[in-house]
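The values are calculated or read from the model by the stated rules, or taken from the named source; none is laboratory data. In this text, all values refer to a predicted model and were calculated from it rather than measured experimentally. For neighbour counting, all protein chains shown are included, and Cβ atoms are generated from backbone atoms with ideal geometry for every residue, glycine included. Please note that ligands, DNA and RNA were not included when accessible areas were found on the heavy atoms of the full protein model with its side chains. Shrake-Rupley method; radii C 1.70, N 1.55, O 1.52, S 1.80 Å.
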Amino acid sequence: MNEIEQTRNPTGNSSNPPLEVHDLTVAYDQKPVLWDIDFELPEGSLTAIIGPNGAGKSTLVKAAMGLIPASSGYTLIYGKPLDKQRHRVAYVPQRESVDWNFPISVMDVVLMGRYPHLRLFQRPGRDDRDVALAALKEMGMEPYHKRQISQLSGGQQQRVFLARALAQDASIYLMDEPLAGVDAATEDVIFQKLKELRDGGKTVVVVHHDLQSVPDNFDRAMLLNLRMIACGPVSEIFTDENLQKTYGGRLNILSQMIEESRQQRFVRESES
Amino acid sequence: MDTLIEFFSLQDPNIRYVLAGTILLGISSGALGCFAILRRRALVGDAVAHSILPGVCLAFIIAGGKDPFMLILGAFVFGLLSMVTMDFISRNSRIAPDASIGMVLSVFFGLGVVLLTFIQTTGYIDQSGLDDFLFGQAASMVGDDVMVFGGLSLLILIVTILVFKELKLVSFDPSYARSIGYPVKRMEFLLALLMVLVITAGIQAVGVVLMASMLIIPAAAARYWTDSLRVMLLIAAGVGAVSGVTGSFISYTAPAMPTGPWMVVSAAFIFFLSFLLAPGRGEIARHIQKRRLSHKVACENILKTLYSMEEEDGRTDRLRPAKELRKRRHLASRRMKKVLSTLLRKGYVTYFRGTPDGYLLTADGRKEAKRLVRVHRLWEQYLSQHLQIAEDHVHEDAESMEHLITSEIEAQLRTSLGSPALDPHKSTIPYDSDEDEPAGGKSGDKHKQGGTP
Ligand SMILES: Nc1ncnc2c1ncn2[C@@H]1O[C@H](COP(=O)(O)OP(=O)(O)OP(=O)(O)O)[C@@H](O)[C@H]1O
Ligand SMILES: [Mg+2]
C-alpha cells in the first residue's frame, strides 16, 4: 500500500480511474467463488455485471467494498485505498438483505445516506433532510416519505434504497440487483436515473440479471463466472462466444428465450 | 392506602433511593431492549442474564460477603464470558445459534447454582442477601447499591442516546453501515457490552432469572404503539420505568416478596394491554377492522344481488323482499337487518310497503352495484387474459377482489384490457357511460313508502 500512498496525487489525479479492483480472490469455506478478478472502470460509465446464479456477482460487489473477507486483492478509488474513500462510493445492497419490518420511515432510511457526511454523534440537520427529500423526489417516492418501510411494495423498497444512494452524493455507485422484481415502469425510472448518473460523470456498476436489456441500457459489461470471462464495452464483448463461456450449456435455451421475448416485445409494440 | 400515600410521598429517603434506582434501570433496560429484539438477540440476553450467577457467587466468595463493586465486576466478567462463548461456538462449529444459546445458559446457570449451594452449605461466608440475586429484591438496596447500580443504568442510557443514530443504522442495515466505513464490528461489540452492563445493573432489583424479560417485554409492548424507532425507545423506557415503580412498591409493602417477578408481571400486564388496545395493530382494533370489512363485503354482496335480480328479469320496479335476498346470499336474518339498514342509510336502496314488502335499488345504489359487477368482471377478464387462469377458476378470486379494487386499480385494469365488452363467461361488463335506466321513481306511486323495516 505504501507505493500507492506515494504515487497518489493529493489534488485527485484525474488519470487515476475511479474504480480499480486487482487480483481479487474470494473463498467461502476453502471453496473459491471468485478467482483472480482484475478490472478498471472509467469515469462516466454504466457497467452491468452479468453471470448465471452463483457466479459470484454479489460476492464481487461485497468483496470490492470490503464487506466480506477476501483471500487476496484490493480496491482503489481514484487511485487511493478504499478505506479513506468510502464516502465516495455508494453501495446498494440486495433488497432482501434487511428486515423491512424495522420500525423506521422511508425518510429515515434515505437520511442514512447522509451519515457519511455527518460526524460521530451528529444528527442529520435541515440540509440533510432537504437532500434526502430531493433524492426521494428523483425516484418518484416523495409522497411516501413518512411511510413505514413495511408498507412499501418491492419496487418501492428498491427505489428507497436507490434514493439513499443518491442522497449519499457519491462518485461511484455499486448496486446489487436494483432491478430485481420491479415492474416495467419502475425499471424505466431506474434505468433513466442510472443513465443520468453516468451522464453526470459518475461511475455506475449494476449487478444485472436480464441479458436482453443489457445492450440497450449499458455501455459496458463484465461477464462473470468464477473468473472474469470478459470486461469491456458491450458492443465488443457481448459476443455469442463470450456468453457461451459465461453461461455454459445453458446458453442454447437462453438464446431461444431471448429470441422468444424479443418477438413478443415486437408483437406487443406493434399492437399498441 | 396509607402505605400507598406513604410510599409515594417519598418521605423516606430509602424509598427515594430505591425508586430512583429501579426507574433508571427500567428506562435503560427498556430502551436497550428495543435494539435487542430488533436485532433478534433477545434470547442471547436471557442466556447472559443466567450466566451471571456464577460471577455473583464468586464475588461473594472473594469479597467474603456482599460488596457492590465486586458484584458488578463478577457479573460483568461472566456476562461477557458467556457472550464470547456463544459467539465462539456459533463461529467455530456447526451448532445452530439456538442450541449454543441454550447450552451456554444452562451450563453457566448450573455452575452458578453449584456455587450458590456451596456458599450456603459451608457457612463461613456472610451470605446475607445472596438469595436476592436470583429473583431480585429492590427494597434491600441501600444507598451504596443504588449509587452503583443506578449510576450504571444512567451511564448506559447516556451512551445509548449518544450513539442512537449509529445503533439505528447498524441494527437496520449492517452491510450498508460497513460500506460507508462504520466500524460495525466495534458497534456490535458496544451493543453487546451495553446489554451485559444493563443486565448487570439489574441483578439486585430484578435478579438473574428474570432480568432478560425487562429487556424483552417493554420493547415488545412498545412495538405495538409505533412505527418509529425513537418513539419505540421512549415508550419502552416508560414501560420499564412503570414496572420499576410497581416492583419497588411491592417490595416495600411486602418485604418477603421478591421484586423481579412483580416487575415482570406489571410489564407483562402493560404488554397485554398493548396487545389488546394498540390502535391499528392491537387485537381489538384488528377485530373491529375485520368486522367492518366483512360488513362492507356483505353490503356490497346484497347490492350486487339486487342488481343481478334486475338483470335477470329486466325490471327495476319490482320490490325485492328481504327473505328472497337472504335466500340468495345465505345471510343470517340479524346480519341481513344490519346490512339493509346500512344500505338504507347510504341511500343505496329504498324500502316500500307492498305485497309483500320489499326493497328497490336507488339510482346511486344501481351505480354502485354496477361498479362492483364491473370490477368483478374486469378482474375475471384480467386473470384469464394476463395470467392465463382458466375461466372456471377466476370467479372465486374475483368474488373477494371486487371489494378491494380501488378506482385507480380499476382505471389501470381498463387501460390494460382496453375496456372489454364481455367477461370470460361472456357476460356484459356494465360501464357508467351506458344510459342510466330511470330509478324506482315511477314505482314510488305504486307502493306506499315506509320507514325502516
Ligand atoms: N455466506 C456464504 N457462505 C458460503 N457460500 C456462499 C455464501 N454466500 C455465497 N456463497 C456461494 O458463493 C457463490 C457465489 O455466490 P453469489 O451470491 O456471489 O452469487 P451471485 O452471482 O450473486 O448469484 P445470484 O445470481 O443468485 O444472486 C455461490 O456458489 C454461493 O453458493
Ligand atoms: Mg446475488
*Label-point separation (nm) for B:Asn92 and B:Ser427, each offset 7 Å from Cα along Cα-to-Cβ?*
7.0 nm
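Provide a whole-number value for the mean count of partner chain Cβ atoms within 10 Å of the Cβ atoms in peptide B:167-173. Please report the intermediate quantities before stating the final value.
Working: counts 0, 7, 6, 0, 4, 10, 10.
Mean number of neighbouring Cβ atoms from other chains: 5.
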*So which lysines pass the test for B:Lys165, namely a Cα distance under 23 Å, with those fewer than 8 places away in the same chain ruled out?*
A:Lys84, A:Lys146, B:Lys185
*Sort B:Ile405, B:Ile284 from largest to smallest accessible area, using a 1.4 Å probe on the heavy atoms of the protein chains.*
B:Ile284, B:Ile405
_Three-way shape label, chain B, alpha-carbon gyration tensor, a/c 1.5_ = prolate
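Ordering B:Val375, B:Val142 from largest to smallest accessible area (1.4 angstrom probe), what's the sequence?
Numbers: B:Val375 0, B:Val142 80 Å².
Highest to lowest solvent-accessible surface, that is B:Val142, B:Val375.
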*asked:* Spelling out what I want: for every residue of region B:209-221, take phi, set θ = phi - 60°, compute 6.51 cos²θ - 1.76 cosθ + 1.60 (Karplus), and round to whole Hz; glycine and proline get x.
replied: 5, 10, 4, 4, 5, 6, 7, 7, 5, x, 5, 5, 5
*To the nearest 100 Å², how much accessible surface do chains A and B hide from each other in total, with a 1.4 Å probe?*
2500 Å²
_Set the bar at 21 Å for Cα to Cα. Now go through B:Lys290/B:Lys338; B:Lys346/B:Lys426; A:Lys31/A:Lys62 and name every pair that lies beyond it._
B:Lys346/B:Lys426
*Kindly write out, for region B:403-417 in residue order, the coupling ³J(HN,Hα) from the Karplus curve 6.51 cos²θ - 1.76 cosθ + 1.60 (θ = phi - 60°), rounded to whole Hz, with x marking Gly and Pro.*
7, 10, 6, 7, 5, 5, 5, 4, 4, 5, 4, 5, 5, 6, 9
*Note down the magnitude of the dipole of the protein assembly as shown about its Cα centre, charges +1 on Lys and Arg C-beta and -1 on Asp and Glu C-beta and zero elsewhere, to the nearest 20 debye.*
2040 debye
*Mean residue ellipticity at 222 nm from the helices of chain A, using -39,500 (n - 2.57) per DSSP H segment of n ≥ 4 over the full residue count, to the nearest 500 deg cm²/dmol?*
-11000 deg cm²/dmol
*Selected from A:Leu120, A:Leu166, A:Leu243 as most flexible by GNM, with chain A as the system and alpha-carbon contacts under 10 Å*: A:Leu120
*With runs of 4+ DSSP H residues as the only contributors, calculate the mean residue ellipticity of chain B at 222 nm using -39,500 (n - 2.57) per run, divided by the residue total and rounded to the nearest 500.*
-23000 deg cm²/dmol
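Taking a ≥ b ≥ c as the square roots of the eigenvalues of the Cα gyration tensor of chain A, is the shape rounded (a/c under 1.5), prolate (a/b larger than b/c) or oblate?
Values: a/c = 1.68, a/b = 1.09, b/c = 1.55.
Here chain A falls in the oblate category.
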*Tell me, what ³J(HN,Hα) does each residue in region A:228-239 have, in order and in whole Hz, if you take phi through Karplus 6.51 cos²θ - 1.76 cosθ + 1.60 with θ = phi - 60° and put x for Gly and Pro?*
7, 7, 7, 8, x, x, 4, 4, 8, 9, 7, 9
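For peptide A:58-68, how many partner chain Cβ atoms fall within 10 Å of a residue's Cβ, on average? Could the numbers behind the result be given before it?
Values: counts 0, 0, 0, 1, 3, 0, 0, 5, 3, 7, 2.
Mean partner shielding for this stretch: 2.
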*Between the DSSP loop rule and a limit of at most 14 other Cβ atoms within 10 Å, which trypsin sites (Lys or Arg not before Pro) in region B:22-54 are left?*
B:Arg40
*Residue-level accessible surface for B:Ser333, protein heavy atoms, 1.4 Å, Å²*: 60 Å²
_Rounded to the nearest 10 Å², the accessible area of B:Arg335 at probe 1.4 Å_ = 100 Å²
_Skipping prolines and chain starts, which residues have an amide H placed within reach, meaning under 5 Å, of the one on A:Ile49, given they are 5 or more residues away or on another chain?_
A:Val206, A:Val207, A:His208, A:Met222
_Positive-end residue of B:Ala241, B:Gly123, B:Val146, charge dipole of chain B with Cβ unit charges_ = B:Ala241
*Please give the solvent-accessible surface of A:Ser235 in Å², to the nearest 10, using a probe radius of 1.4 Å with every protein chain present.*
110 Å²
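Could you please state how large a percent of the accessible area of the protein assembly as shown is carbon and sulfur, counting protein chains only and using a 1.4 Å probe?
Accessible surface attributable to carbon and sulfur in the protein assembly as shown totals 56 percent.
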*Which whole-number percent is the relative contact order of chain A (Cα, under 8 Å, 6+ apart)?*
24 percent
*Which Cα, out of A:Gln148, A:Met112, A:Gly73, lies furthest along the positive dipole direction of region A:12-154 (beta carbon charges, K/R +1, D/E -1)?*
A:Gln148
*Could you give me the radius of gyration and the Dmax of region B:234-314, taking only the C-alpha atoms into account and expressing both in angstrom?*
24.5, 82
*asked:* How large is the translational diffusion coefficient of the protein assembly as shown in µm² per second when you combine the Kirkwood radius over alpha carbon pairs with Stokes-Einstein at 4 °C and 1.567 mPa s?
replied: 42 µm²/s
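Apply the a/c threshold of 1.5 to the C-alpha gyration tensor of region A:8-110 and tell me whether it is rounded, prolate or oblate.
On the way: a/c = 1.90, a/b = 1.15, b/c = 1.65.
Oblate, since a/c reaches 1.5 and b/c is not below a/b.
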